[in-house]
Amino acid sequence: MKYAIVGTGSRHKMFRGAVAETYADRNALVGLCDINEKRLALSANAVPASGNGVATYRAEDFPQMLSEQKPDTVIVTVPDYLHHDYIVEAMRAGSDVMTEKPMTIDLEKLKAILDAQKETGRKVTVTFNYRYTPARTQLKDILMSGAIGDVTAVSFRWYLDRVHGADYFRRWHRYKDQSGGLLVHKSTHHFDLVNWWLGSSPVSVSAHGTRSFYRAETADALGLNPRGPRCHSCQSAGSCDFRLDLEADPALKALYLDAEDEDGYLRDRCVFDDDITIEDTMQVQAVYGTGASLNYTLCAYSPWEGLEVKFYGTKGELSHRHVEVHGVFGGKREKAAGSESMTTTLHLAGQQPRQLDVWEGEGDHGGADPVMLGYLFDPDAGEDRYGRSSSHIDGAWSILTGIAANRSIETGETVHIDEFLAEHGIDLPQKEW
Ligand SMILES: NC(=O)c1ccc[n+]([C@@H]2O[C@H](COP(=O)([O-])OP(=O)(O)OC[C@H]3O[C@@H](n4cnc5c(N)ncnc54)[C@H](O)[C@@H]3O)[C@@H](O)[C@H]2O)c1
């Protein structure tokens, strides 16, 4: 299979490695495309030498890449608000698409993708790696077994710590019109998990959200004055726990600091700026087609990183807690060594709670990424009994909760999904589970 990648930033490396290295015996990387020539060259130079090397194209030459290289599949790893343009153009040129999450960020762009998919019949895969984390697949396995009976309610909390969480307030993610806010950008993973775990989709959503922490007032209270527009030139950098030191990390320096003269993309903008438009504290209440309800919280400045989920069922409860740790983005906070832990508890009515052996795996995102790449790029991977691969339909349902939540935050009203879709002329089939 021939693959081309558009968007050669941080995330594309995982896909490049899978196509050009891990599964290179049956796949070929035929093209790379980006708006930034330096990131493009870094990526092309990292591809193992074969033939004449991989062809590179500037963003405006994307149509030329499609016509010259004729990729079977285009992998889309540009910022979220640009996904739809490349997804639609690739499908219209006859390629299938594999896109990073979120598939897109609002209903206008979603309609453009769904219309183009309907017209062309091309395949869209949304790479929801979280479904493949062994511990979360195990929850699906237990729910599929019927052990806790019918699921009536879900309580789901996701905690981003002040290293990982802060990173969403530095660059394009921090603008709602570029990422959809964290309820779309980040929670698309979580709402997709709930859709998949329950085998259902939301019918109504209400939400509340604020930016309570990543604000000038917090920086003032921490004595971070004066502040610059970015860490690199900030006079308070030496005393700021939120500093991202691009110079200190050769990979970040090469990818962003050394490439910023091309396009002005600053990777280390101040997380306390006034022009940030996304929330850092969000709560959502949703009702699903099965009648089950969801109560969800996302906090982006927690003292720890991880998740807690509990399924309430007619025969008992299933709970999972994952204390995860991030520490890759610089900053001064020490990674809490040895603190990572996962627990899954099955508590059937009338019995003592049982701690289960949690399924584990090696690799990024709790062991998810290598398992997912196997299913994506190895045609011999076999049938997946958990139905983890995600189409444009899954991609659409996974963003609908967050897009509706954004609307509810704006209006203070409950959003009814069928009316919301109809308002935008979108005919979205229910997923057949
Ligand atoms: N599934 C996951 O766990 C996961 C993790 C990280 C990122 N992501 C997703 O991957 C995507 C990329 O994220 P990232 O962190 O690599 O971002 P990034 O900013 O590091 O990279 C984006 C790249 O797109 C390029 N680009 C910008 N505008 C362009 C245009 N008009 N045409 C072509 N290229 C353009 C940029 O120059 C940059 O090289 C996002 O959609 C993000 O949500 C997913």
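The values are calculated or read from the model by the stated rules, or taken from the named source; none is laboratory data. These numbers were taken from a predicted model, which means no experiment stands behind them. So basically every Cβ, Gly included, is an ideal-geometry build from the backbone, and we count neighbours across all protein chains shown. The protein model used for the area step is the full one, side chains on, heavy atoms only, and it has no ligands, DNA or RNA in it. Shrake-Rupley method; radii C 1.70, N 1.55, O 1.52, S 1.80 Å.
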### Query
What translational diffusion coefficient, in µm²/s and rounded to a whole number, does the Stokes-Einstein relation yield for the chain at 20 °C and a viscosity of 1.002 mPa s, taking the hydrodynamic radius as the Kirkwood radius over Cα pairs?
95
### Task
At 7 Å along the Cα-to-beta-carbon direction for both Asp61 and Asp258, put a label point, then send me their distance in nm to one decimal.
2.2
## Note on the structure
Here the gain from full extension of Tyr386 to Thr297, 0.36 nm per residue of separation minus their alpha-carbon distance, amounts to 29.4 nm
## Note on the structure
Taking a straight Cα-to-Cα line shorter than 21 Å from Lys109, and setting aside same-chain lysines fewer than 8 residues away, one finds Lys101, Lys118, Lys123, Lys176, Lys186, Lys431
### Query
Just from the alpha-carbon atoms, what are the Rg and Dmax of region 216-263 in angstroms?
12.4, 36
### Query
Using unit Cβ charges (K, R positive; D, E negative) and no other charged atoms, how large, in debye to the nearest 20, is the dipole of the chain about its Cα centre?
580
### Task
Considering only protein heavy atoms, with the full assembly of protein chains and a 1.4 angstrom probe, order Arg230, Arg157, Arg92, Arg174 by accessible area, largest first.
Arg92, Arg157, Arg230, Arg174
### Query
What percentage of the solvent-accessible surface of the chain, computed with a 1.4 Å probe over protein heavy atoms, is contributed by carbon and sulfur atoms?
48
### Query
Counting only complete DSSP H runs, which helices of the chain cover 15 Å or more along their long axis at the Cα atoms and score a mean Kyte-Doolittle of -1.0 or above?
107-120, 134-145, 187-198, 364-377, 392-411
### Task
Would you mind computing, in nm to one decimal, how far apart the modelled labels at Asp115 and Ser145 are, each placed 7 Å from Cα along Cα→Cβ?
4.8
### Query
Roughly how many nanometres apart are two label points built 7 Å out from the Cα toward the Cβ at Thr314 and Ala221?
4.7
### region 98-153: relative contact order as a whole-number percent, Cα under 8 Å and 6+ apart
37
### Summary
Once phi for every residue in region 280-297 is put through the Karplus expression 6.51 cos²θ - 1.76 cosθ + 1.60 (θ = phi - 60°), the whole-Hz ³J(HN,Hα) values, with Gly and Pro written as x, are 10, 9, 9, 9, 10, 10, 9, 10, 9, x, 6, x, 5, 10, 10, 10, 10, 10
## Note on the structure
Note, region 151-168: 3J(HN,Hα) by Karplus (6.51, -1.76, 1.60, θ = phi - 60°), whole Hz, Gly/Pro = x, goes 7, 9, 7, 10, 10, 9, 10, 10, 10, 9, 7, 7, 9, 5, x, 4, 5, 7
### Summary
So Val203 and Glu413, fully extended at 0.36 nm per residue minus their Cα-Cα distance, gain in nm 74.2 nm
#### Entry: About the Cα centre, charge dipole magnitude for region 2-126 (Lys/Arg +1, Asp/Glu -1 at Cβ), debye
280
### Query
Which whole-angstrom value gives the distance between the alpha carbon centres of region 403-433 and region 1-63?
36
### Query
How high is the relative contact order of the chain, in percent, counting Cα pairs under 8 Å that sit 6 or more residues apart?
21
### Task
Write down the accessible area per residue of the chain in Å², having rolled a 1.4 Å probe over the full set of protein chains.
42
### Message
Using 0.36 nm times the number of residues separating Gln285 and Leu348, minus their current alpha carbon distance, what extension gain do you get?
### Response
20.1 nm
### Summary
The FRET efficiency for Met1 and Thr152, from their Cβ-Cβ distance with R0 = 35 Å and rounded to 0.05, is 0.20
### Task
Could you tell me the distance between the Cα centroids of region 189-230 and region 348-392, to the nearest Å?
27
